[in-house]
Amino acid sequence: MPLAVCATPIGNLEDVTLRVLTELAAADVVLCEDTRHTRVLLGRHGIKVKLLSYHEHNEAQRTAELLPRLEAGERIALVSDAGLPGVSDPGARLVRAALEANVDVTVLPGASAVETALIASGLVAEQYRFLGFLPRGEKRLAGLWDELRGWPWPAVAFESAQRLPATLRSLAAADPGREVAVCRELTKRFEEVARGSAVELAERFAASPKGEITVVLGPGAAQDGDGEDRAVAAVAELVEAGVPRRRAAGIVSGLVGIPRNTLYERSL
């Protein structure tokens, strides 16, 4: 049997798929970050199954224990407290180990805090950047804001409620007019999506709120003409060195945030 990676609700317990419920009910064991948390979800849907903790502190040990059981054909499901395991949550190590051992891995999709927040923010674009959990410390935050200043697409990040005020103050100091949405308690009873400039939201969240927080940053300021000219020149240098033009445009685009097609066409 394959390892089943199952998405669970990010808040509202009704946001679980029928396919996930079927898989959890049929599993020999369900791996979860917090057995108490997962037991609430299973109890809500009348599922009784063996639970085993699997979190950042025992991930390596559990992977070593579980791999032989997977190879022997045991049916194992993996969940996190919310969303899909393996992205900002434990799970990636077990998935890699299973694949390297030629054990099939199937992913059962479901609710996503990242995409839910992005759409709710109204800042959707053709692409976006996922930042995971924001770095701690003023210096590292300032470096991130500087890096994102010219990024022409939205970015989504997780932040703790306790650190949110300091993070917003840091962003307001570095990029005061940046569009921001703070999404709190998504899909839950007291869901809130606050939108505004970095300055406005820093004032609104001067004190720490309660709940789970996802932050969406709007696109950075447009690149100035000199910056785009330098990027086009960089493409030309790569082409001269033998890199195919489209590949060169893609490399530079990933570094500076200017659309690849713009660089490609301007470099012709």
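Among the conditions (1) outside the structural domain of ARG246 (by TED's automatic domain parsing); (2) surrounded by fewer than 15 Cβ atoms within 10 Å (Cβ to Cβ), GLU212 misses just one, which is (2). Select from the stretch 152-169 the residues that are modelled with pLDDT under 95 and over 17 Å from the mean Cα position of the chain (by Cα) and list them in ascending order. Result: PRO152, single match. Annotation note: of GLU74, GLU14, GLU33, the sole residue that is surrounded by fewer than 16 Cβ atoms within 10 Å (Cβ to Cβ), in contact with a strand residue (DSSP E or B) (Cβ under 8 Å, 6 or more places away or on another chain) and not assigned by TED's automatic domain parsing to the domain that holds PHE190 is GLU74.
For the stretch 177-199, a residue qualifies if it is buried (at least 17 other Cβ atoms within 10 Å of the Cβ), modelled with pLDDT of 95 or more and assigned to a loop (DSSP other than H, G, I, E, B), and the qualifying residues are GLU185, LEU186, THR187.
Would you confirm whether or not the stretch 40-53 contains a residue that is of a type in the set (Ser, Thr, Tyr) and crowded, with 20+ Cβ neighbours inside 10 Å?
No, that holds for no residue.
Among the residues of the stretch 37-56, those identified as farther than 15 Å from LEU78 by Cα and either touching a Gly at 6+ places or on another chain (Cβ under 9 Å) or not aliphatic (A, V, I, L, M) (or both) are GLY43, ARG44, HIS45, GLY46, LYS48.
The values are calculated or read from the model by the stated rules, or taken from the named source; none is laboratory data. The structure displayed is predicted, hence computed values, not measured ones. Cβ coordinates were reconstructed from backbone atoms using ideal geometry, including for glycine residues, and neighbour counts include every protein chain displayed.
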